[in-house]
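Where a number appears in this text, it was derived from the coordinates with a stated rule and is not lab data. All values derive from a computational prediction rather than experimental measurement. Note that each Cβ is placed from the backbone with ideal geometry, even for glycine, and that neighbours are counted across all protein chains shown.
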Amino acid sequence: MTSFSKLQVRAGLRVLLFGLTVLLGLNNGIAQTKPPLVASTPTKTCPTAQQVKAEDLHGQWTVTFTNPPRGLPAKATLELQRHAEYSESLSGTLLRDLSAAAGSKVLGHSPRAQVAGDLESGLLMLDESSNGTNLTASWDGKVVEGSCGEVIEGVWKDLSSDAAPDATDVPFRMRSTNSW
């Protein structure tokens with residue numbers, strides 16, 4: 001190869017390398033200013049226990065009771081909605097399968113009970129009635145911090161006419177089956 005052709009090859013390589021350098025430099029500059037391919041969707045923030053409102057509890061809940069009285073099941077379903085008369089309050093229905101419970105049938109409780117109550121500053125207070133007239137249980141719970149209002153823990157108290165005078169509080173845990 002003549003020295004002239006060697007110079008042409010070197011010059012060609014330099015032009016090629018320079019072109020690649022410019023191309024890569026432009027590509028990096030474009031990549032840094034390029035908008036994201038997927039538009040970001042705003043994320044919903046998780047409310048604190050104090051920020052959870054009654055309307056945030058509307059929907060279906062799975063309730064688990066720890067050591068319920070004989071004849072009452074350890075699991076139930078609770079459906080909560082806006083109270084018909086008091087818009088800031090809750091009402092709903094508790095459904096439980098009494099045939100799944102150990103022990104004899106509990107006279108003061110039915111498979112379907114009405115509930116009504118309030119949520120104030122993360123504290124849930126519900127009254128339960130199996131016949132629509134008399135109180136048969138009370139619920140006192142607290143929204144679990146960090147659960148985004150999806151978990152409530154507390155105690156259930158049997159107030160039925162068949163309850164023992166020294167009936168113990170039954171711990172419960174409610175978990176929302178609604179997606180957040």
Over region 49-176, the quotient of the Cα radius of gyration and 2.2 N^0.38 Å is 1.00
Within region 110-164, DSSP-loop GluC sites (Glu not before Pro) with at most 13 other C-beta atoms within 10 Å are Glu145
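At most 16 other Cβ atoms within 10 Å and a DSSP loop assignment: could you name the chymotrypsin sites (Phe, Trp or Tyr not before Pro) in region 52-107 that fit? It would help to have the intermediate numbers written out before the result.
Working: sites: Trp61, Phe65, Tyr86; in loops: Tyr86.
The qualifying sites are Tyr86.
List nothing, just return the count: lysine pairs in region 49-176, 8 or more apart or interchain, with Cα separation under 21 Å.
Values: Lys53/Lys142; Lys75/Lys105; Lys75/Lys142; Lys75/Lys157; Lys105/Lys157; Lys142/Lys157.
Going through region 49-176 pair by pair, I get 6.
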